[in-house]
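S.K.: After the structure tokens below, expect a handful of questions from me.
The values are calculated or read from the model by the stated rules, or taken from the named source; none is laboratory data. These numbers come from a predicted model, not from an experiment. Glycine gets a Cβ as well: all are built from the backbone with ideal geometry, and neighbour counts include every protein chain shown. We work out accessible area using only protein heavy atoms, side chains counted, and drop any ligands, DNA or RNA first. Shrake-Rupley method; radii C 1.70, N 1.55, O 1.52, S 1.80 Å.
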Amino acid sequence: MAAMTGIRNIMILTGAGISAESGIDTFRDAGGLWEQHRVEDVATPEAFARDPELVLRFYDMRRAAIQTKAPNAAHHALARLDEHWPGDLLIVTQNVDDLHERAGASRVLHMHGQHLNAWCTACDERSRWTDTLLDRPPCPACGEAALRPDVVWFGEMPYRMDEIYAALREADLFVSIGTSGAVYPAAGLVREARELGARTLELNLERSQGSLWFEETRLGPATELVPAWVDEVMKK
Ligand SMILES: [Zn+2]
């Protein structure tokens, strides 16, 4: 790819690979098991209908775990870019942790929801939630005991796709960081970006299923690649 010149608007898509170096694992580690659970037993609406206690206990554990983790050099580099970049910038994350925000980034969109939110299925309000849900606490807005994790499960629609596509239409550069290229619709964004004329760059630990769609792929740990790329794009 040519140097990072002539770029004004940037969309960054982040995935599990950026949080992995902070010690947050995903169901893709360990052969499709996630803390000994199959995805279809804990991360689908059917699982929640069938065994809500199992699902709530699982998410309570995840919610507690992420609060013990800290953002890494890749999160901090993106926060620095967010703070100083004069053009449009949107960090679209598939991650449900809050490490981008804790690093200081503010232009962040969680397309798969957030661990630290609870969603009330009675009144549709979302509340910041750092505690447990297994004990069925009342919704802060309406008082009903109808809270669930505000996380997009397999088989549910990702959030705010209209906003994501609107930002993509304005983007000159689309950068994917630490994503497998396996989960749609996130995986389709690079193709969309190219059709819209944006430059495309992938930063990943290894070649992904989506690598062939990128003009350039850089391989390595996010904590090395992301700070180096941020320096490059801010120097232009
Ligand atoms: Zn409510």
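S.K.: Restricting to the chain, what percent of DSSP beta bridges are antiparallel, rounded to 5?
M.R.: 30
S.K.: Still on this structure, I have one more. How much of the accessible area of segment 77-196, in percent, comes from carbon and sulfur atoms when a 1.4 Å probe is used?
M.R.: Answer for segment 77-196: carbon and sulfur cover 46 percent of the accessible area.
S.K.: Calculate the all-directions average of the projected area of the chain's alpha-carbon convex hull, and give it in nm². List each step's numbers first, then the result.
M.R.: Details: hull surface 49.5 nm².
For the chain, averaging the hull's shadow over all directions gives 12.4 nm².
S.K.: Hey, how many Å between the Cα centroid of segment 63-112 and the Cα centroid of segment 180-209?
M.R.: 19
S.K.: Short version: what are the Cα gyration tensor semi-axes of segment 152-236, square root of 5 times each eigenvalue, largest first, in whole Å?
M.R.: 22, 17, 12
S.K.: From the alpha carbon gyration tensor of segment 32-137, can you work out the equivalent ellipsoid semi-axes (sqrt of 5 times each eigenvalue) and give them in Å, largest to smallest?
M.R.: Square roots of five times the eigenvalues give 29, 15, 13 Å.
S.K.: Also: State which stretch of the chain is the longest one without any exposed chymotrypsin sites (Phe, Trp or Tyr not before Pro), exposure meaning a DSSP loop state and at most 16 other Cβ atoms within 10 Å.
M.R.: Formally, the longest exposed-site-free interval is 1-153.
S.K.: Taking only protein heavy atoms and a 1.4 Å probe, what accessible area per residue, in Å², does the chain have with all protein chains in place?
M.R.: With all protein chains present, the chain gives 46 Å² per residue.
S.K.: Further, regarding this structure: Over the Cα atoms of segment 80-205, what radius of gyration and what Dmax do you get, in Å?
M.R.: Final numbers for Rg and Dmax: 16.6, 50 Å.
S.K.: More than 13 angstrom separation, counting every C-alpha pair in segment 131-193; what % is that?
M.R.: Details: 1417 of 1953 pairs.
Within segment 131-193, distances greater than 13 Å cover 73 percent of Cα pairs.
S.K.: Next question, about the same structure. GluC sites (Glu not before Pro) within segment 168-223: which are DSSP loop residues with at most 16 other Cβ atoms inside 10 Å?
M.R.: Working: sites: 170, 192, 195, 202, 206, 215, 216; in loops: 206, 215.
In loop regions of segment 168-223 (DSSP not H, G, I, E or B), the sparsely surrounded GluC sites (Glu not before Pro) are 206, 215.
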